[in-house]
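Asks: Before I ask anything, let me first share the structure, which is written out below as structure tokens.
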Amino acid sequence: LATWIFEYVEVYYFSYEYYTRYGEFPFGEREHGFIGCLQAFQDLLSAADLVTTYKLMKHVATYPYRGHHNCPCGSKKHLRRCHGAAIMKFYQEKRLMHILQQEIIFIDRELKLFHEQCDNLETAK
């Protein structure tokens with residue numbers, strides 16, 4: 001219960017108090033749904049765009065850390081010299097890794113639904 005209060009309730013009230021004082025959210029405004037999730041991880045992973053963010057998240061959720069491999073962002077640099085520092089915290093903390101893995105499952109499910117809806121629109125035309 002204490003963890004839930006610390007991670008969710010306290011953060012909510014902090015954000016609400018900040019918004020009432022300054023008229024803006026402390027961590028910026030984000031979209032709803034999977035786009036907002038990607039935007040949040042974009043900041044955490046120091047990614048240039050949402051596609052790169054998705055690639056980095058998928059890599060972290062799927063593969064062990066190998067700093068000498070090429071970075072999944074496509075820069076052709078070794079991972080440790082590119083996004084290694086940003087993703088290392090997910091490999092070091094099981095709780096963060098679990099959160100990222102759950103979010104990538106959510107994003108994949110939402111992307112699948114989105115593509116199915118697009119396909120249905122195309123066939124309806």
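Asks: Setting aside same-chain residues fewer than 8 positions from Lys112, which lysines have a Cα under 21 Å from its Cα?
Replies: List returned: Lys55, Lys58, Lys125.
Asks: What aspartates and glutamates could a cross-link reach from Lys94, if we take a straight Cα to Cα line under 18 Å and drop same-chain neighbours fewer than 8 places away?
Replies: Of all the aspartates and glutamates, those that pass the test against Lys94 - Cα under 18 Å, at least 8 places apart if same chain - are Glu7, Glu103.
Asks: Expressed as a whole percent, how much of the Cα-Cα distance distribution for the range 1-99 exceeds 18 Å?
Replies: Working: 2689 of 4851 pairs.
Percent of Cα pairs beyond 18 Å in the range 1-99: 55.
Asks: Return the sequence-ordered ³J(HN,Hα) values of the range 106-112 in whole Hz as given by the Karplus equation 6.51 cos²θ - 1.76 cosθ + 1.60 applied to θ = phi - 60°, using x for Gly and Pro.
Replies: Going residue by residue, I get 4, 5, 4, 5, 5, 5, 4 Hz, with x marking Gly and Pro.
Asks: Using a probe radius of 1.4 Å on heavy atoms only, what accessible surface per residue do you get for the chain? Whole Å² is fine. Spell out each step's value before the answer.
Replies: Details: 9190 Å² over 125 residues.
It amounts to 74 Å² per residue over the chain.
Asks: Tell me, what is the percent relative contact order of the chain, built from C-alpha pairs under 8 Å that lie six or more residues apart?
Replies: Details: 87 pairs, mean separation 19.7, N = 125.
So the answer I get is 16 percent.
Asks: Place the peptides 12-18, 36-42 in order of packing, highest mean first, counting for every residue the other Cβ atoms within 10 Å and averaging per peptide. Please list the in-between numbers first.
Replies: Details: 12-18: 11.7, 36-42: 18.3.
Going by the mean number of other Cβ atoms within 10 Å, highest first, we get 36-42, 12-18.
Asks: Summarise the accessible area of the chain (1.4 Å probe, protein heavy atoms) by the percent that is carbon and sulfur.
Replies: Carbon with sulfur: 56 percent of the solvent-accessible area.
The values are calculated or read from the model by the stated rules, or taken from the named source; none is laboratory data. Computed from a predicted model, the values in this text were never measured in an experiment. Backbone-built Cβ (ideal geometry, glycine too); neighbour counts: all protein chains shown. These area figures cover heavy atoms from the full protein model, side chains too; ligands, DNA and RNA do not enter into them. Shrake-Rupley method; radii C 1.70, N 1.55, O 1.52, S 1.80 Å.
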